[in-house]
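Before any comments, here is the structure.
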Amino acid sequence: MTLSKIPLKFKPFGLPKETIIPELKKLSRPDAALVTSVMTYWYPGVKEAVELARLVFPGVPVILGGNYATLYLRHAAEAIAPDFLFQGSDNTY
């Protein structure tokens with residue numbers, strides 16, 4: 001079964017973008033934005049986090065890993081479009 005066949009209902013939680021963006025701007029420019037998701041169905045939040053990182057830190061590479069990237073590699077590549085995508089549990093990278 002593909003993700004397109006699963007009914008999805010999401011309710012965002014956490015801080016609003018209007019609060020997060022000024023806080024991110026207080027940080028030094030990172031070398032990379034590391035993003036993960038424990039639950040595959042939280043990928044819309046992953047997408048939003050990546051969009052915020054790219055908005056505040058343009059040009060900083062986005063690295064995606066974790067369960068979502070491992071289990072749905074193609075979906076993650078297409079939906080999130082990270083600069084680097086890690087699949088599996090190899091801790092040597």
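The values are calculated or read from the model by the stated rules, or taken from the named source; none is laboratory data. Model, not experiment: these values are computed from the prediction. Please note: Cβ atoms are built from the backbone with ideal geometry, for glycine as well, and neighbour counts cover all protein chains shown.
Against the conditions (1) surrounded by 13 or more Cβ atoms within 10 Å (Cβ to Cβ); (2) on the phi > 0 side of the Ramachandran plot, Ala69 satisfies every one except (2).
Scan region 4-14 and tell me whether some residue there is under 19 Å from Leu64 (Cβ atoms), at pLDDT 85 or above, touching a helix residue (DSSP H, G or I) at 6+ places or on another chain (Cβ under 9 Å) and in a loop (DSSP other than H, G, I, E, B). No: region 4-14 contains no residue that is under 19 Å from Leu64 (Cβ atoms), at pLDDT 85 or above, touching a helix residue (DSSP H, G or I) at 6+ places or on another chain (Cβ under 9 Å) and in a loop (DSSP other than H, G, I, E, B).
Taking the criterion of being out of contact with any strand residue (DSSP E or B) (no Cβ under 7 Å at 6 or more places or on another chain) and surrounded by 13 or more Cβ atoms within 10 Å (Cβ to Cβ), the residues of region 74-93 that qualify are His75, Ala79, Ala81, Gln87. For region 16-47, filtering for residues that are without any contact (Cβ under 8 Å) to a residue 24 or more places away in the chain and of a type in the set (D, E, K, R) leaves 3. Tell me whether region 60-69 contains one or more residues that are among the aliphatic types (A, V, I, L, M) and either more than 26 Å from Glu18 (Cα to Cα) or touching a residue at least 60 places away in the same chain (Cβ under 8 Å) (or both). Yes, region 60-69 contains a residue that is among the aliphatic types (A, V, I, L, M) and either more than 26 Å from Glu18 (Cα to Cα) or touching a residue at least 60 places away in the same chain (Cβ under 8 Å) (or both). Within region 37-66, being surrounded by fewer than 16 Cβ atoms within 10 Å (Cβ to Cβ), of a type in the set (Val, Ile, Thr) and at pLDDT below 95 holds for one residue alone: Val38.
Restricting Arg29, Arg74 to those that are more than 13 Å from the chain's Cα centre (by Cα), of a type in the set (D, E, K, R) and under 19 Å from Gln87 (Cβ atoms) reduces the list to Arg74.
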